[in-house]
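Data block below; observations after.
The values are calculated or read from the model by the stated rules, or taken from the named source; none is laboratory data. Because the structure is predicted, anything quoted here is derived from the model rather than measured. Neighbour counts are summed over all protein chains in view; Cβ atoms, including those assigned to glycine, are modelled from backbone coordinates with ideal geometry.
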Amino acid sequence: MKNLGPGVRLGVWLQGCTIHCKGCIDQGSWNFSDEKKVDINEVEKIIAAFAPRRVDGVTISGGEPFDQPEALEKIISFCREITGGDILVYSGYSYAGLKVNFPDILKKIDVIITEPFVETEKDELIWRGSDNQKIRLISDKARAIYPKNINKTKYTVRNIQISNDEGKIFIVGIPARNDLFKISRLLEKKGMCFEQL
């Protein structure tokens, strides 16, 4: 998955978010309801199934991963055991706030993308929903993999992954602002309904 970091990536999404950015692409990820809960051991089994495959890195997003700090820390530690790749985490919180509230978790990851999504900002910079968001290369490993000018790198091609699972369409990646509207229209022409959760 090159749409949420470099190389072939394993993606992990944590359900639940208290930030509620206006215009969020995935408002269905905000809910913390019991029906969305998955035991951490089950999550580890799913991640472990990918261990034999070539994985260049792990991307953890949400919801808001830091709204479940204990689970986030366990997932990061487990991913460290099964892959030598980098670990990238998305957060809508400020970097300053994360340094104060979660310094131990920050020490365990390689890359953090921070700050809330702002609908009125441009969306030209790679791997961000809005250009106010910042990529910080925390580890030496990250500084060796990612471009030095990552916070000025613009999309040349915007990769998104679309899959169909039992009639449900899943989109992985960060589409341009009008892409969801275009996808919705294409699906309607095929007799399918597109609804954001």
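So, A49, is that one without any contact (Cβ under 8 Å) to a residue 60 or more places away in the chain and either surrounded by 13 or more Cβ atoms within 10 Å (Cβ to Cβ) or of a type in the set (F, W, Y) (or both) or not?
Values: without any contact (Cβ under 8 Å) to a residue 60 or more places away in the chain: yes; either surrounded by 13 or more Cβ atoms within 10 Å (Cβ to Cβ) or of a type in the set (F, W, Y) (or both): no.
Criteria not met by A49.
Would you say I109 is under 17 Å from the mean Cα position of the chain (by Cα) and under 18 Å from S139 (Cα atoms)? Walk me through it before giving the result.
Numbers: under 17 Å from the mean Cα position of the chain (by Cα): yes; under 18 Å from S139 (Cα atoms): yes.
Against the criterion (under 17 Å from the mean Cα position of the chain (by Cα) and under 18 Å from S139 (Cα atoms)), I109 qualifies.
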What do you reckon, is I113 touching a Ser or Thr at 6+ places or on another chain (Cβ under 8 Å), modelled with pLDDT of 95 or more and either surrounded by fewer than 18 Cβ atoms within 10 Å (Cβ to Cβ) or not acidic (D, E) (or both)? yes
A51 vs. criteria part of a loop (DSSP other than H, G, I, E, B), of a type in the set (G, A, S) and under 26 Å from P6 (Cα atoms): yes
Region 126-167: number of residues that are surrounded by fewer than 10 Cβ atoms within 10 Å (Cβ to Cβ), part of a loop (DSSP other than H, G, I, E, B) and of a type in the set (D, E, K, R): 2
Identify the single condition in (1) of a type in the set (A, V, I, L, M, F, W, C); (2) at pLDDT 90 or above; (3) farther than 23 Å from I160 by Cβ that I82 does not satisfy, given that it satisfies every other one. (2)
Of the residues K168, K189, K154, only one is modelled with pLDDT under 70 and over 17 Å from the mean Cα position of the chain (by Cα); which? K168
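Please go through region 60-99 and pick out each residue that is among the hydrophobic types (A, V, I, L, M, F, W, C), over 19 Å from W30 (Cβ atoms) and either out of contact with any Cys (no Cβ under 8 Å at 6 or more places or on another chain) or surrounded by fewer than 21 Cβ atoms within 10 Å (Cβ to Cβ) (or both). Walk me through how you get there before you give the answer.
Narrowing region 60-99 to residues among the hydrophobic types (A, V, I, L, M, F, W, C): 60, 66, 71-72, 75-76, 78-79, 82, 87-89, 96, 98.
Now restrict to residues that are over 19 Å from W30 (Cβ atoms): 75-76, 78-79, 82, 87-88, 96, 98.
Hits for region 60-99 are I75, I76, F78, C79, I82, L88, A96, L98.
Quick check on this structure: which one of V118, V100, V38 is in a helix (DSSP H, G or I) and over 19 Å from P6 (Cβ atoms)?
Numbers: V118 fails: in a helix (DSSP H, G or I); V38 fails: in a helix (DSSP H, G or I).
That would be V100, the only listed residue that is in a helix (DSSP H, G or I) and over 19 Å from P6 (Cβ atoms).
For residues that are among the basic types (K, R) and touching a residue at least 12 places away in the same chain (Cβ under 8 Å), scanning just region 108-144, find the one that is nearest to G63 (Cα to Cα). Give the steps one after another, and end with the answer.
Restricting attention to region 108-144, the residues satisfying the condition of being among the basic types (K, R) are 108, 122, 128, 134, 136, 141, 143.
In the following step, the residues that additionally are touching a residue at least 12 places away in the same chain (Cβ under 8 Å) were identified as 108, 128, 134, 136, 141.
Details: K108: 20, R128: 15, K134: 18, R136: 20, K141: 26 Å.
The qualifying residue nearest to G63 (Cα to Cα) is R128.
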